[in-house]
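One structure is given below, encoded as structure tokens.
The values are calculated or read from the model by the stated rules, or taken from the named source; none is laboratory data. Source: prediction; values computed, not measured. Backbone-built Cβ (ideal geometry, glycine too); neighbour counts: all protein chains shown. Just the protein is used for accessible areas: all its heavy atoms, side chains included, with ligands, DNA and RNA removed. Shrake-Rupley method; radii C 1.70, N 1.55, O 1.52, S 1.80 Å.
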Amino acid sequence: MNKSVLAEGKNGFSMLQIDNKFATAVISLYGAQVLSYKPKTQDAKELLFVSDNAYFEQGKAIKGGIPICWPWFGDDPLNSGRPAHGFARNTLWQHESTTATKQGETQVTLSLNDTATTQTLWPHAFKLTLIVTIGKTLHLSLQTINMDNETFTITQALHTYFAIGDIKHTRVTGLDNIHYIDKTIESDIPIKQIGDIIVDQEVDRIYTSSPSTTTLVDEKNKQQISIQSSASNTTVVWNPWANGAAKMADLNDDGYQYFICVETANAASDTIEIAPNESFEIGVEYTVEQIN
Ligand SMILES: O=P(O)(O)OC[C@H]1O[C@H](O)[C@H](O)[C@@H](O)[C@@H]1O
């Protein structure tokens, strides 16, 4: 069985609903945002968190799933009033194809080309392609092609909101001894991570020179997610905690307890230069495993 349906979601937003022998998934064409992935293995839980209060409105980002931050990560680098995390997550993408692989996985290809609107925000010609492979694992690959006559520079992130049972019983492993920039303080001096990441207050960290494998351990749900990235030297870990959640209209006050973002990125000093007719591809694979 390999089913793929284009259905109408909240506020008429188009959603691709995938159902194959390995998993079910939902992808919003707005933002090319994966909103759900649930493996069919016994006891496996939903991988992705979507806020109950998420906006499904033109021009706003959907809080949850896997937002694509592109062509810049974080605040507008020019400080000229452009949206945080770029415009890819606030734009309707093209659905190019949905195919089945020999193994029975579903592969969805979505694309975004520059338009008059994107040119006013970022004056470059580009083609952005996201390939999502829904199988025993969830794999995403985001390719940027420079269609312009000049080299351009990007930063980017696959800003994944992982659903977790309880933030107090969650940790991220694999970043021991790696340095990070702490965005919650006014300092760019790198801090060394000691041991696992435990969240007991607001966490907003850019780990630079991070390894390609990290693991999210969710003790309450008795599962762990192995995060395998490619062409990314940066991992961002974010949880707004109670104080941050209270300030966000699109997140319940207690919403912070049920997600953590572990983001595969090229950000901070890990900027990517792409020459005309050249491309760059960042990727990530999530493997859900049950633990005792
Ligand atoms: O609320 P958003 O615009 O989606 O951003 C959510 C968060 O994204 C990243 O993780 C950044 O490091 C945070 O500083 C930011 O607050």
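If you take the residues in segment 138-169 that are within 16 Å of the ligand (Cβ to nearest atom) and polar (S, T, N, Q), which one is farthest from K21 (Cα to Cα)? Filtering first and then ranking leaves T155. Here the strands (runs of 3 or more DSSP E) wholly within segment 127-243 that include at least 1 residues being open to solvent by 10 Å² or more (accessible area, probe 1.4 Å) and out of contact with any Phe, Trp or Tyr (no Cβ under 8 Å at 6 or more places or on another chain) are 138-146, 152-154, 170-173, 179-182, 213-218, 223-230, 234-239. Could you go through segment 20-30 and let me know if any residue there is within 14 Å of the ligand (Cβ to nearest atom), crowded, with 23+ Cβ neighbours inside 10 Å and within 20 Å of the chain's Cα centre (by Cα). No, the conditions are met nowhere in segment 20-30.
Just a yes or no: is a residue in segment 243-262 more than 24 Å from T137 (Cα to Cα) and among the β-branched types (V, I, T)?
No: segment 243-262 contains no residue that is more than 24 Å from T137 (Cα to Cα) and among the β-branched types (V, I, T).
Within segment 166-189, residues that are more than 18 Å from T215 (Cβ to Cβ) and among the aliphatic types (A, V, I, L, M) sit with their Cβ atoms under 7 Å from residues that are open to solvent by 80 Å² or more (accessible area, probe 1.4 Å) and part of a loop (DSSP other than H, G, I, E, B), at 6+ positions apart or across chains, in these pairs: I181/D188. Give the residues of segment 85-98 that are among the hydrophobic types (A, V, I, L, M, F, W, C) and either closer than 23 Å to D270 by Cβ or surrounded by fewer than 18 Cβ atoms within 10 Å (Cβ to Cβ) (or both), sorted by residue number. Of everything in segment 85-98, those that are among the hydrophobic types (A, V, I, L, M, F, W, C) and either closer than 23 Å to D270 by Cβ or surrounded by fewer than 18 Cβ atoms within 10 Å (Cβ to Cβ) (or both) turn out to be F87, A88, L92. Here is the figure for segment 244-259: residues that are more than 10 Å from the ligand (Cβ to nearest atom) and surrounded by 15 or more Cβ atoms within 10 Å (Cβ to Cβ) total 6.
Filtering segment 48-84 to residues that are loosely packed, with under 14 Cβ neighbours inside 10 Å and either within 11 Å of the ligand (Cβ to nearest atom) or among the hydroxyl-bearing types (S, T, Y) (or both) leaves D75, S80, A84. Taken as a whole, the structure places L112 among residues that are open to solvent by less than 40 Å² (accessible area, probe 1.4 Å), in contact (Cβ under 8 Å) with a residue 60 or more places away in the chain, farther than 30 Å from I291 by Cα and not in a loop (DSSP other than H, G, I, E, B). Applying the criterion of being on the phi > 0 side of the Ramachandran plot and assigned to a loop (DSSP other than H, G, I, E, B) to the residues of segment 85-109, the residue that is nearest to the ligand (Cβ to nearest atom) is H85.
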